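Q: One structure, pasted below without further comment.
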Amino acid sequence: MSLFFDSSIARKVSMALSAIFLMVFLLQHFAINLTSVFSAEIFNQISHFMGTNPLVQFVLQPILIFGVIFHFVMGFILEFRNNRSSKVKYAYNNGGANSSWMSRNMIWSGLAILSFMVLHFIDFWFPEINTKFILNDWSGLHNGEFRYFTELQHKFSYGPRVIFYCIAFCFLSLHLLHGFTSAFQSMGSTVGRKKLLQNLSYLYSICIPLGFVFIALFHFFNH
Ligand code: HEM
């Protein structure tokens, strides 16, 4: 284990793998949440399926939680080692023209996302866990109707929460703007594909957070 943490290649690759995994999760999370804008019924159906399917609940969800924790812990370890070592600095993205403000401040945008996650879990995830695993209620119902859409609308009817979420989505965008290209470069994406990678990075890092902002504002103005 200590050999693993001593190898900067292993640290970079594992960080990149966890980042790519989380970006895939974010894409599906966005797609599911976007349905709430078009149809309360479809959103309820998908949420109920995801919330009660044994494969999702007992296999994918624990892997996801592990991925989230791993990414944050590795991020802190990398930052700590970068600061400690004056000789061998871990380069998020090999300096020069690419050494952007985003790349030098990944730890701060990461911390902003971490604080968002704490609030987000308190808002949505802990109540779900409580209902299912503590109260043992897997029906998804409240007063005879699916509760997912109503709960979502209720949460986004509170202005300060919506503002905090939207600020967090801006930090998410900054984090992704560097993280997306960096993760694929760490996994060996070639220089020849640099332009394509850059364009995909802009597409993902701007559209997904902007989409989350849209969902939050939509429910705020339509509750
Ligand atoms: C408008 C934006 C968002 C909405 C409406 C939303 C909604 C939700 C809901 C309803 C849940 C509970 C799912 C359940 O367990 O049944 C959830 C969980 C979660 N959300 Fe979000 N979310 C948003 C943005 C984000 C963002 C930007 C991230 C990551 C940076 C994120 C990460 C997570 C994670 C890790 C979980 C727990 C895992 C899961 O159960 O799916 N969410 N979210």
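Q: Just checking, how many residues over the range 26-40 are more than 8 Å from the ligand (Cβ to nearest atom) and free of Cβ contacts under 8 Å to residues at least 12 places away in the same chain?
A: Total meeting the criteria: 5.
Q: Exactly one of these conditions fails for LEU172: (1) touching a residue at least 40 places away in the same chain (Cβ under 8 Å); (2) more than 18 Å from the chain's Cα centre (by Cα); (3) under 21 Å from HIS219 (Cα atoms). Give me its number.
A: (2)
Q: While we're here: So which residues in the range 41-78 are near the ligand (Cβ under 10 Å from one of its atoms) and in contact with a Phe, Trp or Tyr (Cβ under 7 Å, 6 or more places away or on another chain), if there are any at all?
A: PHE43, SER47, HIS48, THR52, LEU64, GLY67
Q: Test ALA16 against the criterion of being more than 9 Å from the ligand (Cβ to nearest atom) and touching a Ser or Thr at 6+ places or on another chain (Cβ under 6 Å), and give yes or no.
A: Values: more than 9 Å from the ligand (Cβ to nearest atom): yes; touching a Ser or Thr at 6+ places or on another chain (Cβ under 6 Å): yes.
Yes: the conditions hold for ALA16.
Q: Cβ contacts < 7 Å: first residue in contact (Cβ under 8 Å) with a residue 40 or more places away in the chain and within 23 Å of PHE218 (Cα to Cα), restricted to the range 129-151; second residue more than 12 Å from the ligand (Cβ to nearest atom) and of a type in the set (Gly, Ala, Ser), any location; separation 6+ or different chain. Result?
A: Listed by first residue and then by second, the contacts come to PHE149/ALA40.
Q: Can you find even one residue in the range 145-158 that is in contact with an Asp or Glu (Cβ under 6 Å, 6 or more places away or on another chain), assigned to a helix (DSSP H, G or I) and of a type in the set (Lys, Arg)?
A: Taking every residue of the range 145-158 in turn, at least one turns out to be in contact with an Asp or Glu (Cβ under 6 Å, 6 or more places away or on another chain), assigned to a helix (DSSP H, G or I) and of a type in the set (Lys, Arg).
Q: Would you confirm, using the coordinates I've provided, whether LYS132 is in a helix (DSSP H, G or I), charged (D, E, K, R) and modelled with pLDDT under 95? Break it down stepwise before answering.
A: Numbers: in a helix (DSSP H, G or I): yes; charged (D, E, K, R): yes; modelled with pLDDT under 95: no.
Considered against the rule, which asks whether it is in a helix (DSSP H, G or I), charged (D, E, K, R) and modelled with pLDDT under 95, LYS132 comes out as no.
Q: What residue, among those in the range 186-218 that are in a helix (DSSP H, G or I) and β-branched (Val, Ile, Thr), is farthest from the ligand (Cβ to nearest atom)?
A: VAL191
Q: Condition test on GLY179, is it surrounded by 13 or more Cβ atoms within 10 Å (Cβ to Cβ) and modelled with pLDDT of 95 or more? Lay out the reasoning, then the answer.
A: Working: surrounded by 13 or more Cβ atoms within 10 Å (Cβ to Cβ): yes; modelled with pLDDT of 95 or more: yes.
The answer is yes for GLY179.
The values are calculated or read from the model by the stated rules, or taken from the named source; none is laboratory data. Here the structure is a predicted model, which is why all the values come from computation and not from measurement. In this analysis, Cβ positions are derived from the backbone assuming ideal geometry, glycine residues included, and neighbour counts consider all displayed protein chains.
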